[in-house]
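The values are calculated or read from the model by the stated rules, or taken from the named source; none is laboratory data. If you're wondering where the values come from, they're calculated on a predicted model, not measured in any experiment. Cβ atoms come from the backbone with ideal geometry, glycine included; neighbour counts cover every protein chain shown.
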Ligand code: IVH
């Protein structure tokens, strides 16, 4: 044992605090974890032997015992205010005009910082030692969460001694800031929970808030929270002349704060800061909910006063909402090319971060159960990384009475009655029974190249199998990437045949849109439906963005087809596929066919002598007519190849459909 345990303990405390500061605040560790752990162990054993040497700022004292009596209420030294929101330049200008009126002739210098999305907390240091941590509460009175905040590694238990800032180590120094959970820590935690089969946490803010209110500090210590300061208060206000000075002091005292904070002498600078962070903030380690703009000079700040809960001298700049609420109209399941069944939520269209969102992948049955999404629910939608819309959670209070939990297997049965599904061991997705990835892919590519679709006759079954087996084609778009030299490496191809195939594919880079849409292999989309869809929307982009209601509005398209189309385009894999086609220069073209038969609808029944059904359909379409599969209200002609059966005849009579024979039909085509 040490001859001078008190001296050794003090040295260890100081050194360990320094290491902790380097690691947690500067992110620049100077020793590895094992060295830290070993010195920490030594300090612990000295303290075990000499409990009288334990100080409250000892690194061994971060995690204390359970708070049996709950949290004590504490009145704040001054009210913890909130901020008014502004949304654009005009709002910011109006704010400055208001301040100019109150303080005429004053030049404002502005201070800007990132606004963190966490929970506010006030730390009281007495003579440099952490005394108390209090939540915002109702802005006047908060809860004493000191025991929990002590476990946050980047909250120093003692302020650092720094030249020029000594006065902050005497008397009371209050530091206010935000407790957050960093995105990486949140994701790592959820990953662990997923692996353990535990439900995932919804978002870092709620998790941070829930954690800080745990009564057992050991649980809090196990959750990686961080603190970032945004304010420094002293009884003597002139100790902190500007907000930028406060930030410099915070850094000197060993407190984490955003390095991004800046000052500007005019509004243009502020607006530039706003623009600059509009995208960049998504890469920050924590979630943000905008920016904070303040008057830098604290005397001016104080003079401007407070209205309600908000100081006049600061505003929160909010970027276009990345979240919105909408109604879950349906949950449809799409089958991907590997046979995986992916549920997709269909929404009432809603604008999130500038674009309209109408569906989001729900990934799998477990995710549906975790979110407990039900049809009719009000959902909170957000854009992950600002691109992919995701369903964050359900507003339970708004759930319609009688909304039933979504039964995934039941829905699969209903939507795909002729298929059976299984869930492979250890997987979360259901797959089509008896289908392996390549087999499904082979069929899909064959269909894409088939006569009714892109009509690439050299790309028949055997060639498709060869391309898929060789790994050259992993999705439909890949056929456009295949090169002659790649083909020549396969047994099947020689110089001429390889050249022919590559040319034939290249020849179909601008296919007719309806053929392309048909070729995608969307369930329930046959040639006529593809034509109907294309005629209604005109472009792939518009079709892609169509809502179920818009799809249902098209003549001849019912609920089942509409859902299937919407689900197909909502599947992220398919979205990626469409994008890939475009990247590869595949541009389907739309030609609205009009001709002598435009507006006339045909049904062919029985066998014709001079042409096949497909040829008849083709001719009708070329002349602008529509080929229907069954007699409906709007059928103009029923072409009878032979005798017409009773029910068809009845229908035709009821709808006033003209019944014509093959001769009359051929005449129509020739006119
Ligand atoms: S300055 C008078 N700066 O947002 C209040 N606040 O709506 C001055 N917040 O109460 C606050 N990041 O909880 C400031 N960089 C930041 C912030 C920030 C998050 C929170 C804080 C504040 C609330 C105001």
Within region 483-497, track down each residue that is at pLDDT 95 or above and either crowded, with 19+ Cβ neighbours inside 10 Å or under 33 Å from the mean Cα position of the chain (by Cα) (or both).
-> 487
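Rundown of residues vs (1) in contact with a strand residue (DSSP E or B) (Cβ under 6 Å, 6 or more places away or on another chain); (2) away from the ligand (no atom under 15 Å from the Cβ), yes/no style:
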| residue | (1), (2) |
| --- | --- |
| 221 | no, yes |
| 229 | yes, no |
| 237 | no, no |
| 246 | yes, no |
| 255 | yes, no |
| 263 | yes, no |
| 272 | no, yes |
| 275 | no, yes |
Can you name every residue in region 630-650 that is outside any loop (DSSP other than H, G, I, E, B) and farther than 17 Å from residue 601 by Cα?
-> 646, 647, 650
Is it true that some residue in region 319-341 is within 16 Å of the ligand (Cβ to nearest atom), buried (at least 22 other Cβ atoms within 10 Å of the Cβ) and closer than 22 Å to residue 228 by Cα?
-> no
Only unsatisfied item for residue 187, checking (1) assigned to a loop (DSSP other than H, G, I, E, B); (2) away from the ligand (no atom under 16 Å from the Cβ), is (1)
Could you please find all residues in region 68-86 being surrounded by 15 or more Cβ atoms within 10 Å (Cβ to Cβ) and either farther than 29 Å from residue 235 by Cα or away from the ligand (no atom under 14 Å from the Cβ) (or both)?
-> 71, 74, 86
Only listed residue being under 41 Å from the mean Cα position of the chain (by Cα) and either touching a residue at least 24 places away in the same chain (Cβ under 8 Å) or within 16 Å of the ligand (Cβ to nearest atom) (or both), chosen from 113, 6 = 113
Kindly list the number of the only condition in (1) farther than 23 Å from residue 447 by Cα; (2) within 44 Å of the chain's Cα centre (by Cα); (3) buried (at least 20 other Cβ atoms within 10 Å of the Cβ) that fails for residue 624.
-> (3)
Residue hits (region 267-281; in contact (Cβ under 8 Å) with a residue 24 or more places away in the chain and surrounded by fewer than 16 Cβ atoms within 10 Å (Cβ to Cβ)) are 269, 278, 279
Close pairs from region 173-199: first more than 17 Å from residue 76 (Cα to Cα), partner in a helix (DSSP H, G or I) and away from the ligand (no atom under 16 Å from the Cβ), Cβ under 6 Å, at least 6 apart = 181/207; 199/370
Within region 116-134, residues more than 16 Å from the ligand (Cβ to nearest atom) and in a strand (DSSP E or B) come out as 124, 125, 126, 129, 130, 131, 132
Whichever residue in region 353-363 is at pLDDT below 85 and on the phi > 0 side of the Ramachandran plot and, among such residues, is surrounded by the fewest Cβ atoms within 10 Å (Cβ to Cβ) = 354
Filter region 124-136 for residues that are without any contact (Cβ under 8 Å) to a residue 60 or more places away in the chain and buried (at least 21 other Cβ atoms within 10 Å of the Cβ); which is nearest to residue 253 (Cα to Cα)?
-> 125
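Quick check on this structure: which one of 350, 373 is surrounded by 21 or more Cβ atoms within 10 Å (Cβ to Cβ) and in contact with a strand residue (DSSP E or B) (Cβ under 9 Å, 6 or more places away or on another chain)? Break it down stepwise before answering.
Working: 350 fails: surrounded by 21 or more Cβ atoms within 10 Å (Cβ to Cβ).
The unique qualifying residue is 373.
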